[in-house]
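Asks: First the structure, which I've put down as structure tokens, then a few questions once you've had a look.
The values are calculated or read from the model by the stated rules, or taken from the named source; none is laboratory data. Quick caveat: nothing in here was measured; it's all calculated off a predicted structure. Positions of Cβ are backbone-derived with ideal geometry, glycine not excepted, and every protein chain shown enters the neighbour counts.
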Amino acid sequence: MSDLVRVLRIIEYTGEREAVEATVAKALHGEKRLVNGKHLEMVIRAATIGTYPEILEVEVKPSE
């Protein structure tokens, strides 16, 4: 049997709102169990902090 280990990752997405929202929407939420036959290989748990993006910069369009 191999060692049982854990890795904690924190990921920050910074970019245009549409791209960030689309990426987060496709990301893992909750728990996923990876099983090979009858053997549990890995459990991935993910939590998103903040449902809505934090606005870092507002695009200002020049008035016509």
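Asks: Which of (1) under 30 Å from GLU59 (Cβ atoms); (2) within 15 Å of the chain's Cα centre (by Cα) does ARG45 not meet, given it meets every other one?
Replies: So ARG45 meets the others, but not (1).
Asks: Right, something else. Can you name the residue in the stretch 33-64 that is more than 21 Å from ASP3 (Cα to Cα) and in contact with a strand residue (DSSP E or B) (Cβ under 9 Å, 6 or more places away or on another chain) and is also surrounded by the most Cβ atoms within 10 Å (Cβ to Cβ) among such residues?
Replies: Of the stretch 33-64, the ones more than 21 Å from ASP3 (Cα to Cα) are 46-64.
Pick out the ones that are also in contact with a strand residue (DSSP E or B) (Cβ under 9 Å, 6 or more places away or on another chain) and you get 46-47.
On the way: ALA46: 12, ALA47: 8.
Once the filter is applied, the top-ranked residue is ALA46.
Asks: From ILE44, ILE49, ILE10, ILE55, grab the single residue that is in contact with a helix residue (DSSP H, G or I) (Cβ under 9 Å, 6 or more places away or on another chain) and among the hydrophobic types (A, V, I, L, M, F, W, C).
Replies: Details: ILE44 fails: in contact with a helix residue (DSSP H, G or I) (Cβ under 9 Å, 6 or more places away or on another chain); ILE49 fails: in contact with a helix residue (DSSP H, G or I) (Cβ under 9 Å, 6 or more places away or on another chain); ILE10 fails: in contact with a helix residue (DSSP H, G or I) (Cβ under 9 Å, 6 or more places away or on another chain).
Testing whether each residue is in contact with a helix residue (DSSP H, G or I) (Cβ under 9 Å, 6 or more places away or on another chain) and among the hydrophobic types (A, V, I, L, M, F, W, C) leaves just ILE55.
Asks: Mind checking which residues of the stretch 1-32 are aliphatic (A, V, I, L, M) and surrounded by fewer than 10 Cβ atoms within 10 Å (Cβ to Cβ)?
Replies: Applying the first criterion (aliphatic (A, V, I, L, M)) to the stretch 1-32 yields 1, 4-5, 7-8, 10-11, 19-20, 22, 24-25, 27-28.
Of everything in the stretch 1-32, those that are aliphatic (A, V, I, L, M) and surrounded by fewer than 10 Cβ atoms within 10 Å (Cβ to Cβ) turn out to be MET1, LEU4, VAL5, VAL7, LEU8, ILE10, ILE11, ALA25.
Asks: If you go through the stretch 24-39 one residue at a time, do you hit one that is of a type outside the set (D, E, K, R), assigned to a helix (DSSP H, G or I) and within 30 Å of VAL58 (Cα to Cα)?
Replies: yes
Asks: If I filter the stretch 36-64 down to residues being closer than 28 Å to ALA19 by Cα and of a type in the set (D, E, K, R), which single residue comes out as modelled with the highest pLDDT?
Replies: Just the residues of the stretch 36-64 that are closer than 28 Å to ALA19 by Cα, to begin with: 43-64.
Those left that are additionally of a type in the set (D, E, K, R): 45, 54, 57, 59, 61, 64.
Details: ARG45: 93, GLU54: 84, GLU57: 85, GLU59: 82, LYS61: 85, GLU64: 71.
Selected residue: ARG45.
Asks: I need a count of the residues in the stretch 1-37 that are in contact (Cβ under 8 Å) with a residue 12 or more places away in the chain and of a type in the set (Lys, Arg). Can you show your working first?
Replies: Residues of the stretch 1-37 that are in contact (Cβ under 8 Å) with a residue 12 or more places away in the chain, as a first pass: 14, 17, 20-21, 24, 27-32.
Restricting the remaining residues to those that are of a type in the set (Lys, Arg) gives 17, 32.
The total comes to 2.
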